[in-house]
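Read through the structure below, which is laid out as structure tokens, and then see the notes.
The values are calculated or read from the model by the stated rules, or taken from the named source; none is laboratory data. Values in this document were obtained by computation on a predicted structure and should not be read as measured data. Glycine also receives a Cβ, built like all others from the backbone with ideal geometry; neighbour counts cover every protein chain displayed. These area figures cover heavy atoms from the full protein model, side chains too; ligands, DNA and RNA do not enter into them. Shrake-Rupley method; radii C 1.70, N 1.55, O 1.52, S 1.80 Å.
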Amino acid sequence: MANFNTKRPMEEDSSDSSEEEEEENDSQDEEMGEDEQLGENDREIQVDFEGQSPIAEDFHGIKSLMHQLFLKAHINLSGLTELIIQQNYIGSILQQCVDNDEPDSDDEGNSLDEVFGITSVINLTHHKDVECIKEVKKYLLEKTQKKLSGLFDDPSNQIGLIFNERFINIPPQVSVPLLENLCKEIDEAKKSGKPFDFTHFILISKLHESTRKDPESRKKKVKGGATILWVNAEEEPISEMGEILGEYSVRSESDAAVSGTWDEDDEQFDPKRRIVLITAKQLPEVLIKIKEFLE
């Protein structure tokens with residue numbers, strides 16, 4: 001599996017500050033603008049991540065990431081997670097690299113074993129009789145107003161559902177080696193006769209769309225201001241290249257990917273999911289577009 005480095009924001013440790021310093025910081029925060037406040041998290045630590053084949057011990061971490069995507073949908077996430085682990089020759093989990101020079105400890109061991117992301121694909125056609133896949137297909141049909149019916153009903157189609165989930169504070173650049181590795185593993189599995197000769201791929205993207213409909217919001221959109229925030233930035237070019245079959249709010253399901261205390265004049269965002277369809281032939285070009293987009 002490919003190794004790669006990323007940087008993640010680090011919040012200040014409040015235990016190192018005195019009460020006097022905290023009061024002074026609070027006073028300064030009130031006078032600071034939004035850009036300056038964001039700068040407080042500019043401090044970074046170097047964290048090495050690596051892709052690993054999913055194993056049974058990763059069950060709870062992967063299931064948690066599945067819940068992050070599907071929230072309160074009526075889908076057996078345990079069954080879905082087991083399928084991902086059973087086909088562990090396809091896909092990768094994201095874990096922190098182990099530094100063999102550092103002494104072991106229970107706390108460090110728990111952190112190093114944590115699943116920070118999952119990149120994989122499930123063949124919805126091949127597993128059509130599995131109960132959790134039936135639930136996934138029902139979910140997709142409902143959310144696309146049955147636009148996928150023809151695709152699912154055609155026996156010549158092999159449809160893959162791509163999972164591209166990770167913790168929200170991990171930069172999108174980590175997606176490139178993970179997706180590249182996924183494509184290589186799909187090709188290898190296909191050559192060995194395994195059921196990964198896909199014709200189409202479905203991706204469920206997480207995004208947040210501005211809820212403001214006033215003239216100021218429209219002005220910002222015309223000037224190129226962001227009215228959509230992508231949880232996984234690399235999925236924006238996928239959406240542009242693919243066919244959007246459905247988009248729906250998940251606000252009622254308590255999606256907390258973008259949170260905070262909102263003032264009346266603040267831009268507010270509605271958490272949504274977008275279902276995108278691409279063909280298998282588009283996948284190599286999609287990877288190229290993602291790389292260009294993230295440069």
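One residue stands out among those in the range 170-200 that are more than 16 Å from Gly91 (Cβ to Cβ) and of a type in the set (Val, Ile, Thr): the one that is surrounded by the most Cβ atoms within 10 Å (Cβ to Cβ), which is Ile170.
Restricting His74, His60, His67 to residues that are modelled with pLDDT of 95 or more and assigned to a loop (DSSP other than H, G, I, E, B) narrows the list to His74.
Screening Thr261, Thr279, Thr211 for residues that are modelled with pLDDT of 95 or more and open to solvent by 20 Å² or more (accessible area, probe 1.4 Å) leaves exactly one candidate, Thr279.
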